[in-house]
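The block underneath contains the structure these notes are about, expressed in structure tokens.
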Amino acid sequence: MTAPPPYPRIAHVLAGRGSRDDLVLSAAEVASLWSRPLLVEEKLDGATVVLWREGGRLECALRSGPGGQDRARQLGPLRAWLAPRSAALGPVLAEGASAVYAEWLLLTHSVHYDRLSDYLVGLDVLGPSGAFLDVDGRDAVLAAAGLVPPPRLHRGMLGGVGDLEALLGRSSGCDGPMEGLIVRTLDGTEPRIAKLVRPGFSPAPDEAWRGERPRNQLADRDASWH
């Protein structure tokens, strides 16, 4: 296949916790979330990437797609991480998925992680039909590919924004607070996905990417592959 589309922007559940041009769910969309069972995961602070097969090769790109600016030289280490895993990823991308979108967590952005479960965490899977798979379908593909999903905080009904905000707390990957939450409808109906960023979270400014970035660490401190 040709390169998959960029990963869609995720709308905020609440206004005022992002930049002016961020997407925000309408009041009706927010209300509809509480009428359905949801999956809530920790929102990890990394670089969104996409994996796909093209001409029999495993390809990867940053969120902006092939040819996009790699300001922090993240693609080289990502390719090195993927190389020994291509045997597991290749068949999945050839048969069960058109693309896997993931969070690449090697470099520290605004949250420094020192006990990650892995450097690449699967976010979403684009199915052969061109639609994103539901939660269970995504998890099955990630498991077959040997990729971990984001840390799970809740599955089921929520009573409202207050219940969602109560899930904000310490990150699974460090002793500090998490960046925020990702909310997904279990069946994939719209609004399929949304985010809640913790109050006071401030992303790293663009100027921070001009120099060398500190690196996150795995829980077992095994970073010998890079």
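All of the numbers you see were taken from the coordinates with simple rules; none came from a lab. Fair warning: this is a prediction, and the values are worked out from it, not measured in the lab. Note: ideal-geometry Cβ built from the backbone for every residue, glycine included; neighbour counts use all protein chains shown.
Quick notes
- Pairwise Cα separations in the stretch 27-200 fall into 10 Å bins from 0 onward with the following percentages, short to long: 9, 37, 36, 16, 2.
- Over the chain, DSSP H runs of length four or greater, each weighted -39,500 (n - 2.57), average out per residue to a 222 nm ellipticity of -5000 deg cm²/dmol.
- Cα→Cβ-extended label distance, 7 Å offset, between V161 and S64, nm: 3.3
- Beta bridges assigned by DSSP with both partners in the chain are antiparallel in approximately 90 percent of cases.
- Extension reserve of the E54-A204 stretch, reckoned as 0.36 nm per residue once the Cα distance is removed: 50.7 nm
- Dipole in debye (nearest 20) - the stretch 27-200, about Cα centre, beta carbon charges: Lys, Arg +1; Asp, Glu -1: 320
- Extension gain (nm, one decimal) between A87 and T189, 0.36 nm per residue minus Cα-Cα: 33.5 nm
- Additional length obtainable on full extension of the chain from T2 to E29, 0.36 nm per residue less Cα span: 6.4 nm
- Distance-filtered residues of the stretch 92-133 - backbone nitrogen under 17 Å, label point 7 angstrom along A140 Cα→Cβ: 92-100, 124-133
- Alpha-carbon centroids, the stretch 123-137 and the stretch 65-100: separation in whole Å: 17
- All other residues whose Cβ lies under 14 angstrom from that of V135 are scored, Lys and Arg at +1 and Asp and Glu at -1, for a net of 0.
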